[in-house]
1. Measure nothing fancy, just the Cα-based angle from helix A:213-236's long axis to the longest principal axis of chain A, in degrees from 0 to 90, nearest 10.
2. Comparing B:Gln62, B:Gln39, B:Gln72, which has the greatest mean-square fluctuation in the GNM of chain B with Cα pairs linked when under 10 Å apart?
3. Please report, largest first and rounded to whole Å, the three semi-axes of the ellipsoid equivalent to segment A:188-273, where each semi-axis is the square root of five times an eigenvalue of the C-alpha gyration tensor.
4. Rounded, prolate or oblate: which fits segment B:63-113 when a ≥ b ≥ c are the square roots of the eigenvalues of the alpha-carbon gyration tensor, with rounded for a/c under 1.5 and prolate only if a/b beats b/c?
5. Please list, ordered by chain and number, the residues whose modelled amide H lies under 5 Å from the amide H of B:Asn70; skip anything fewer than 5 residues away on the same chain.
6. How tilted is helix A:4-13 with respect to the longest principal axis of chain A? Cα atoms for both, answer in degrees (0 to 90, nearest 10).
7. With the convex hull built on the Cα atoms of chain B, state its orientation-averaged projected area in nm².
8. Going by amide H atoms built from the backbone, whose H comes under 5 Å of the H on B:Tyr32, apart from near neighbours?
Amino acid sequence: MTTLTDRYVWAVLRALPSRQRDELEPEIRALVADAADAHADSATPDAAERTALVELGDPDALAARYTDATRFLIGPRLYPEWERLLKLLIPIVAPIAGIAFAAVGWATGKPVGEAIVSGLSIAFNVVVQMAFWFTLVFAIAERTGASYIPATGRPWTPDELPELPAPDRLSLGEAIASVAFGAFVLAAIVWVQVAKPIVIDGTAFALFDPAASVWLWYLVGLTLAEILFALALYRRGRWTWAYAVANAVLAAALAIPVVWLIREDLLLNPALVDAIDAKTGGGWLEPTMAITAFVFAFIAVIDSVDGFGKAWRTSRQVARPAG
Amino acid sequence: MTFDEILSGGQQELRRGTVVLACLLLLRTPGYGYALLDQLRDLGFSVDANTLYPLLRRLEGQGLLVSEWNTQEARPRKFYRVSPDGERHAAALFEDWTRVDASLRRLAQGDDA
């Protein structure tokens, strides 16, 4: 049985940056309890608790005052998730992209210094791009989250408090991250194919084999399907066996064709392969593609197992009444 | 907007800064959130709980108040008390307030000219 106070405290804390939460939780609980005590003489404990919460008012407004934040691009409800995701993703993605690009540049015969500079510039671009797209998606979510905007003129009552989340309830941030990541992958596929960012000896190359364009459309479609899956999963709120199966099917639908394309040498642009061969004397293609295929297969397996693991944990929680 | 609504808006604006001063003066004796709210209301400051509590934290962040958890009683409570900086701040604000008060009195009596 969760009390109204628990729900109230959660509703305030979810809108605060994580570093403030631990500090404020006991404080807010003490404030509610003191106010409830003051009304305890003239009312039942439940009614006293309600009166105390009404005095404190709308939890979103209280949280906004604690954070001292005016709502700008991203409001207090989403800001902590936005901050967390950028802090989590940028230090991982930017160095990987930068190092990978520098390594390819060096392997294709660029001087070391030039390769490092090109890697740094790509890493910088990735930071800017990710920050921009994530912020854009969050700003849209901020403005379309209609349920958040309090109905004007109507006083807030504790009945509007959200339920406490189930322990495995998917966060909005997770769903937004999946969507933003899908959009990022889509943009990346189009970019390496259309903008031809790989330049060797003055010739620009597309990364993928133009003859395999059917498969590129397939990858684009699959990425869209992953985005829809993430949205549907968020609506559902938690992992179920059906979603775990769908997740595994999507993972297989990506990994199997990619591994097959790599095996049949159909994925990379042959002109690009020849150009790199000419630079390096060959021998790079097989190990590189073997590693790539392995990574795709490995991620697919991990992702599928993870989905089933989450579905299993959720099914156990549902079996027991929520605490 | 009715006359009363406009009046209450004006009063709110007028009193906004005085709550800070009242808190700093009251907290020369350590006190906790709800008790302070009660004291302020008894003194005629109409302040909302969801304004006062964040305000206390802000004043603490600015170094004008210091706080301490008191675990002696049945329920742990966060007690606030004014810091030396806060005392100086309050003295300066109070001086300002008396100056404003004097000016307004002169204006209201019309013998300013």
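All of the numbers you see were taken from the coordinates with simple rules; none came from a lab. Small disclaimer: the values here were computed from a predicted structure and weren't measured. Cβ placement follows ideal geometry from the backbone for every residue including glycine, while neighbour counts extend to all protein chains displayed.
1. Result, in degrees: 10.
2. B:Gln72
3. Rounded to whole Å, the semi-axes are 32, 15, 8.
4. It is prolate, given that a/c is not under 1.5 and a/b is the larger ratio.
5. B:Arg77, B:Lys78, B:Phe79
6. 40
7. Details: hull surface 37.6 nm².
Over every viewing direction, the Cα hull of chain B projects on average to 9.4 nm².
8. Close amide H contacts, sequence-distant or interchain: B:Tyr80.
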